[in-house]
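This report concerns only the one structure given below.
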Amino acid sequence: MGELRVMDVDAGDLKVIWDKNKPDEIKAAKDQFNSLLKKGYFAYTVKKDGSNGKKIEEFDEKAEKIILSPQMKGG
């Protein structure tokens, strides 16, 4: 199972889970990922224990966990 976590201040956090053996679930997670990247979100892969974060720019269906977060706004 893979997990996509979206951190969104306005709409609240979102969690998308996909089974690596179900193409329709992978496609739904990938579509969500690509949509958010187009909106300027950053994506990182991490292990479920939170270690070994790495920035990514393409969906990785084999990732244990992907975190997407919006760009930080300064003032």
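The values are calculated or read from the model by the stated rules, or taken from the named source; none is laboratory data. Just so it is clear, the model here is predicted, and its values are computed rather than measured. A quick note on method: Cβ atoms are made from the backbone with ideal geometry, for glycine too, and the neighbour counts reach across all protein chains shown.
Structure notes:
- Residue check for VAL6: in contact (Cβ under 8 Å) with a residue 24 or more places away in the chain and surrounded by 12 or more Cβ atoms within 10 Å (Cβ to Cβ): yes
- Number of positions in the stretch 58-75 that are assigned to a loop (DSSP other than H, G, I, E, B) and either touching a helix residue (DSSP H, G or I) at 6+ places or on another chain (Cβ under 9 Å) or within 11 Å of GLU3 (Cα to Cα) (or both): 8
- Of all the residues in the stretch 58-73, those that are loosely packed, with under 10 Cβ neighbours inside 10 Å and of a type in the set (S, T, N, Q) number 1.
- When the stretch 20-57 is filtered for residues that are over 14 Å from GLY2 (Cβ atoms), exposed (fewer than 11 other Cβ atoms within 10 Å of the Cβ) and touching a strand residue (DSSP E or B) at 6+ places or on another chain (Cβ under 9 Å), the ones remaining, listed by number, are GLY50, ASN52, LYS54, LYS55, GLU57.
- Annotation: of all residues in the stretch 1-35 being part of a strand (DSSP E or B) and not β-branched (Val, Ile, Thr), the one that is modelled with the lowest pLDDT is LEU14.
- First in the stretch 50-75 and on the phi < 0 side of the Ramachandran plot and among the basic types (Lys, Arg), second anywhere and outside any strand (DSSP E or B) and at pLDDT 85 or above, Cβ under 8 Å, 6 or more apart: LYS62/LYS20
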